[in-house]
1. Are there helices (runs of 4 or more DSSP H) fully within the range 29-141 with at least 3 residues that are closer than 22 Å to Thr14 by Cα? List them.
2. Please find, among Ile98, Ile94, Ile80, the residue that is touching a Gly at 6+ places or on another chain (Cβ under 7 Å) and at pLDDT 90 or above.
3. Give the residues of the range 112-141 that are touching a helix residue (DSSP H, G or I) at 6+ places or on another chain (Cβ under 9 Å) and closer than 19 Å to Gln81 by Cβ, sorted by residue number.
4. Please determine whether any residue of the range 41-58 is basic (Lys, Arg), farther than 23 Å from Arg140 by Cα and surrounded by fewer than 17 Cβ atoms within 10 Å (Cβ to Cβ).
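The values are calculated or read from the model by the stated rules, or taken from the named source; none is laboratory data. Owing to the predicted nature of the structure, the values given are computational and were not obtained by experimental measurement. Note that we place each Cβ from the backbone using ideal geometry, even for glycine, and neighbour counts take in every protein chain shown.
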Amino acid sequence: DEGTREPSSGQFNTLELDDFYQRARRLFPKMLLARSVAFKHQQEIYPSGLTTAVKTAVPYMDILVTSGPATGQPPNPEKIQQMSAAADGHPLAIASGITYQNLSAFKPNTDCFMVNSGLCEESHMLSSRLLKEFAARLRRD
C-alpha cells in the first residue's frame, strides 16, 4: 500500500496519521496537535531524510517539534534551517538545549521554544535570573 510505510524505517504511516488527525479534529476542535520529527532518541534522519519527514508530517500536525541529540543539548542550527524551509511556514518548535546564550541562532527559524533545563540552575530548580535573561533576549534579538 502506497500510504503505509514501515515504522522501523523512521517514516510515517500516512493512512493512520490521516485517520488520527481527522478524528482528533472532530473530537477536540480547539486542540493543537504537536508531533516530534527528528527528535532525540528517534532514528537519525538528518540530513538526508529530514525534508521528506517534515513534508510528510505537516498535513497532520499543527506544530512540528524537534530537539537536539539529548536533553539539554541544542539541535544543529542547519537542521533547524532545513526543517523550517521544508515546513514552509508551518509552526516549528524546539524542545531541548535552548538557552539565552544560543537563542539568537534559532529564533529566525523557530516559532516556539519548549525550555526547561535552559532555565534551571545546577539544582534543577527554575532560576529567575535565567528566566529574566531568556525573556530579555527573546524580546531583543
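1. Values: elements: 50-57, 77-87, 103-106, 128-140.
The helices (runs of 4 or more DSSP H) meeting that bar are 50-57, 77-87.
2. Values: Ile94 fails: touching a Gly at 6+ places or on another chain (Cβ under 7 Å); Ile80 fails: touching a Gly at 6+ places or on another chain (Cβ under 7 Å).
Unique residue meeting the criteria: Ile98.
3. The answer is Phe113, Asp141.
4. If we filter the range 41-58 for residues that are basic (Lys, Arg), which is where we start, we get 55.
Filter again for farther than 23 Å from Arg140 by Cα, leaving 55.
Still in the list and also surrounded by fewer than 17 Cβ atoms within 10 Å (Cβ to Cβ): 55.
The answer is yes; a qualifying residue exists.
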